[in-house]
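All remarks here apply to the structure that follows.
The values are calculated or read from the model by the stated rules, or taken from the named source; none is laboratory data. Because the structure is predicted, anything quoted here is derived from the model rather than measured. Here Cβ is always computed from backbone atoms with ideal geometry, including for glycine, and neighbour counts include all displayed protein chains.
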Amino acid sequence: MKPCRSMLYIPGDSPGMIQHAPVFGADSILLDLEDAVALTEKDAARKMVACYLKYYDFKNLIVTVRVNGADTEFFDDDLKEIIPCAPAAIRIPKCNGPQDVLAADRKIEALEKENSIPVGTVRIHAMIETAVGLENAYLIASACPRVQALTLGGQDLTADMGVQKTKEGWELFYARSRVVVAARAAGVDVYDTVWADISDKEGLLKESKLIVNLGFTGKAAIHPDQIETIHQAFMPNEKEFRKAARVMEAAENAKKEGKGVISVDGKMVDAPVVARARHLLELADLYGFERSGS
């Protein structure tokens, strides 16, 4: 699967946006049945999203659906309607502990079996949106193999903490760091929260560069105009690219020669460095970097 730098939220009751999803340029989309949909439109939005999942060609987009929380009356109906359509993943709000993930996993497995879908097809993105969820981040990320990613819900988390989300973002620095470490320790992806000010691309770029340096896999967007800026932040620079190419070349040569030790530019290279280099080259491919002559 290609790197997923951007995840664009699209309201589940917005057929125009859903139809145009493949041309927005995002790596993935999040069809939203939760916050973006009014209470009176929940049933209609659920049916609309299911219809698009069944019959619409999203091209090479990764499609995730954010369902309503397990503490709402809509959760079970969302699963019953959406799981048979086999999206890549569902995003579950306000996961406070591993029990929330395991309960969802059992329901999804039952629906997969009922609809002759291979067990484990639909993955889980667990949203960390409360202080309790943050404290349990690693337990949530490692709760079961179905968990593919952790994702930070900044607006709800800051509200739960009794603080305001600012453009500087220091109130989320600890939370971001903790979620990244938990996700990486569990071997899953990790996605950052949205940037709310659509008109402030400079602020978005600054925050996106910060989360790239912290180790996030990607960042959520609330408007198509934000996608290019997010992608700009994830673009490797030329020096990083050339170094990654040398590391991968050395790793491939060592494998062919049966060597267990890799050296690049006079320094020993271990497995995490090779994995990082591989990821950078996958990103570089998205930007059209030429590997020859590295």
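Identify the residue in the range 22-54 that is of a type outside the set (Phe, Trp, Tyr), surrounded by fewer than 22 Cβ atoms within 10 Å (Cβ to Cβ) and in contact (Cβ under 8 Å) with a residue 40 or more places away in the chain and, among all such residues, is nearest to GLY215 (Cα to Cα).
Per the criteria, the residue is ASP27.
Touching a Lys or Arg at 6+ places or on another chain (Cβ under 7 Å) and either assigned by TED's automatic domain parsing to the domain that holds VAL181 or at pLDDT 95 or above (or both), is that true of ALA88?
yes
Report yes if ALA196 is small (Gly, Ala, Ser) and buried (at least 16 other Cβ atoms within 10 Å of the Cβ), otherwise no.
Answer is no for this residue.
How do the helices (runs of 4 or more DSSP H) wholly within the range 1-91 filter down when requiring 2 or more residues that are at positive phi and touching a Leu at 6+ places or on another chain (Cβ under 6 Å): which remain?
none
This table checks each residue for (1) modelled with pLDDT of 80 or more; (2) of a type outside the set (Lys, Arg); (3) touching a Ser or Thr at 6+ places or on another chain (Cβ under 7 Å); (4) farther than 27 Å from CYS4 by Cα.
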{"residue": "MET248", "(1), (2), (3), (4)": "yes, yes, no, no"}
{"residue": "ASN253", "(1), (2), (3), (4)": "yes, yes, no, yes"}
{"residue": "LYS256", "(1), (2), (3), (4)": "yes, no, no, yes"}
{"residue": "VAL264", "(1), (2), (3), (4)": "yes, yes, no, yes"}
{"residue": "ARG278", "(1), (2), (3), (4)": "yes, no, no, no"}
{"residue": "ALA284", "(1), (2), (3), (4)": "yes, yes, no, no"}
{"residue": "TYR287", "(1), (2), (3), (4)": "yes, yes, no, no"}
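Which of (1) surrounded by 13 or more Cβ atoms within 10 Å (Cβ to Cβ); (2) on the phi < 0 side of the Ramachandran plot is the odd one out, the single condition ASN237 does not satisfy?
(1)
Does the range 55-90 hold any residues that are surrounded by 13 or more Cβ atoms within 10 Å (Cβ to Cβ) and among the aromatic types (Phe, Trp, Tyr), and which are they?
Across the range 55-90, the qualifying residues are TYR56, PHE58, PHE74, PHE75.
Hey, any hits in the range 164-176 for a residue that's hydroxyl-bearing (Ser, Thr, Tyr) and surrounded by 14 or more Cβ atoms within 10 Å (Cβ to Cβ)?
no
Take the residues of the range 175-214 that are under 12 Å from the mean Cα position of the chain (by Cα) and not polar (S, T, N, Q): which is farthest from ILE124 (Cα to Cα)?
Ranking the candidates gives VAL194 first.
Here is a check on your reading of the model: is ALA275 assigned to a helix (DSSP H, G or I) and farther than 25 Å from ALA143 by Cα?
No; evaluated as a whole, the condition is false for this residue.
Scan the range 101-125 residue by residue and report those that are of a type outside the set (Lys, Arg), crowded, with 17+ Cβ neighbours inside 10 Å and not in a helix (DSSP H, G or I).
ILE117, VAL122, ILE124, HIS125
With the condition being farther than 30 Å from PRO145 by Cβ, I'd like the strands (runs of 3 or more DSSP E) fully within the range 155-267 carrying at least 1 qualifying residues.
Filter on the range 155-267 gives 262-264.
Report, by residue number, each residue of the range 215-269 that is in contact with a Phe, Trp or Tyr (Cβ under 9 Å, 6 or more places away or on another chain), more than 28 Å from ALA186 (Cα to Cα) and of a type in the set (S, T, N, Q).
GLN226, THR229
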